[in-house]
Amino acid sequence: MERELIYMDNSATTAVYPEVLEEMLPYFNEEYGNASTLYRLGVNAKKALNKAREQVATLINADPSEITFTSGGTESDNFAIKGIALKEYKNRTEENPRNHIITSSIEHPAVLETCRFLEKYGYEVTYLPVDETGIISLEDLENAIKDSTILISIMHSNNEIGTIQPTKEIGRIAHEHGILFHSDAVQSVGKIPVDVVDQNIDILSLSGHKINGPKGIGAIYIKKGVQIETFIHGGGQEDGVRSGTENIPGIVGLGKAAQIAYENLDEHAKHDQEIRDALIEGVTSQIKDSYVNGSIEHRLPNNVHFRFSGIEGESLILKLDDEKIDGATGSACSTHDLKGSHVLAALGIKPALSHGSLRLSIGQENNIEDVDYIVKSIKKVVDYLREISPLWDNKNDEYIGDRFEKPLDDEDLDRY
């Protein structure tokens with residue numbers, strides 16, 4: 001009997017829950033109204049829209065009026081950063097250009113590339129370093145703040161290594177200096193408690209397909225009183241914040257997924273963490289020169305990111321696929337980029353070692369009973385890849401790549 005697929009790339013995307021799909025289906029061909037119209041179909045669509053807004057707001061302890069639906073996390077990140085930059089552009093003076101943004105060196109490309117885009121137009125961006133576990137220094141953050149700082153954008157948790165940032169303290173520092181705090185919480189929402197009030201978050205990004213909702217739908221939380229410039233103009237939907245006919249089936253799906261996540265948050269986290277910890281114990285105890293990237297203590301319950309000396313990650317993924325295990329080397333958004341991980345480079349990990357990484361991200365379809373098979377399969381593949389690797393001395397069973405690699409310098413960090 002052929003073994004069923006073990007999908008462990010839930011940080012890349014998740015399967016839509018059956019309950020979510022069931023909730024969505026009527027809005028494709030029965031309740032297909034435009035929420036901006038006044039007749040029954042339109043009114044029903046508007047009701048569904050408002051219900052979903054309440055469900056998403058509940059998940060992050062926001063008011064429904066603070067939720068705007070978008071096409072996903074990337075749009076929400078762009079909206080947050082460009083929206084604040086555009087708003088502050090109007091407030092510039094010669095004495096204070098109000099053009100400084102602070103972010104971290106390990107952000108998702110949706111944040112990093114948006115910041116680099118703004119640099120072309122005269123904005124100044126500080127990219128904070130992280131420690132070996134992927135956490136920023138609050139002292140570095142304080143020291144980076146200037147009179148011209150308009151926004152601090154630090155992710156809630158990292159999409160590759162799962163490290164959770166001290167968002168509450170970051171938000172406190174931002175507010176003490178009168179600065180807005182945006183957090184990309186795409187990986188955190190639905191996995192751990194995210195409370196925008198308690199954690200001092202002014203703007204937050206989230207995505208549907210990371211919490212067993214549909215793709216192509218997300219949301220941005222904008223705290224009451226925060227002024228942000230819209231950059232999608234048109235018919236004035238979403239109270240004029242984001243124009244365009246609303247994706248009602250997607251919004252309904254996101255709302256239902258948010259409800260399920262909220263009602264099962266502790267149970268799901270306990271399930272994920274049990275499997276995560278068993279994987280860490282099994283892999284690190286049975287495979288020589290295997291390491292966990294990122295923080296052990298401050299880590300998403302569903303994320304484990306391994307590093308194996310002497311192998312190449314893409315080959316590891318392909319060989320594991322033969323074993324019916326789906327994992328990743330890092331961010332799905334960078335899969336076709338042959339450069340090494342900018343996240344692992346920021347942690348000080350050399351390129352040859354960072355290329356030997358494996359991210360396993362756990363979902364509710366995974367079982368603790370599968371852990372032994374997964375660990376044995378990883379060991380089988382790692383052993384095979386080391387046998388053919390020029391960076392592994394099979395005679396002495398040790399990594400020899402350090403003999404050929406120079407230390408990381410600033411040029412390396414820029415490249416990765």
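What's the angle, to the nearest 10 degrees (0 to 90), between helix 265-286's Cα axis and the longest principal axis of the chain?
20
Find, among the chymotrypsin sites (Phe, Trp or Tyr not before Pro) in segment 20-69, those assigned to loop by DSSP (not H, G, I, E, B) with at most 15 other beta-carbon atoms within 10 angstrom.
Listed in order of number, the matching sites are 32, 39.
Could you report the chain's accessible area per residue, 1.4 Å probe, as an integer in Å²?
Roughly 45 Å² per residue, with all protein chains present.
Using +1 at the C-beta of Lys and Arg and -1 at the C-beta of Asp and Glu, which of 384, 192, 286 has the Cα lying farthest in the positive direction of the dipole of the chain?
192
So which aspartates and glutamates pass the test for residue 90, namely a Cα distance under 18 Å, with those fewer than 8 places away in the same chain ruled out?
119, 124, 147, 229
Counting only DSSP beta bridges with both residues in the chain, tell me the antiparallel percent, nearest 5.
55
Give the residue list of chymotrypsin sites (Phe, Trp or Tyr not before Pro) in segment 102-184 that are DSSP loop and have at most 11 other beta-carbon atoms within 10 angstrom.
121
Under 10 Å from the Cβ of residue 167, count the other residues' Cβ atoms, weight Lys and Arg +1, Asp and Glu -1, and hand me the total.
-1
What is the spin-label model distance, in nm, from residue 133 to residue 90 if the labels are put 7 Å beyond Cα along the C-beta direction?
So the label points at residue 133 and residue 90 sit 4.3 nm apart.
Around residue 153, with a cut-off of 10 angstrom between Cβ atoms, what is the net charge of the other residues, counting Lys and Arg +1 and Asp and Glu -1?
-3
Measure up 168/191; 215/350; 288/350; 270/350; 51/87 against 25 Å on the Cα-Cα distance and list the ones that go over.
215/350; 270/350; 51/87
Round to a whole number: what % of the accessible area of segment 44-151 belongs to carbon and sulfur, probe 1.4 Å?
47
Out of the trypsin sites (Lys or Arg not before Pro) in segment 63-116, which ones are loop residues according to DSSP with at most 11 other C-beta atoms within 10 Å?
Of the trypsin sites (Lys or Arg not before Pro), the ones in loops of segment 63-116 whose Cβ has at most 11 other Cβ atoms within 10 Å are 90.
Using helices alone, what [θ] at 222 nm do you get for the chain, with -39,500 (n - 2.57) per DSSP H run of 4 or more residues, divided over all residues and rounded to the nearest 500?
Computed ellipticity for the chain at 222 nm equals -11500 deg cm²/dmol.
Hey, of [x] 37, 26, 20; [y] 28, 27, 21; [z] 37, 29, 17, which did the structure itself give for semi-axes √(5λ) of the Cα gyration tensor in Å when calculated?
[z]
Which value, in debye to the nearest 20, describes the size of the charge dipole of the chain about its Cα centre when Lys and Arg Cβ atoms bear +1, Asp and Glu Cβ atoms bear -1, and nothing else is charged?
960
Output the 0 to 90 degree angle, nearest 10, between the alpha-carbon long axis of helix 73-89 and the longest principal axis computed from the alpha carbons of the chain.
With both axes taken from Cα atoms, the answer is about 60 degrees.
The values are calculated or read from the model by the stated rules, or taken from the named source; none is laboratory data. Everything numeric in this text was worked out from a predicted model, so none of it was measured. Because the Cβ atoms are built from the backbone with ideal geometry, glycine has one as well, and the counts that use them run over all protein chains shown. Side chains included, ligands, DNA and RNA excluded: accessible areas come from the protein's heavy atoms. Shrake-Rupley method; radii C 1.70, N 1.55, O 1.52, S 1.80 Å.
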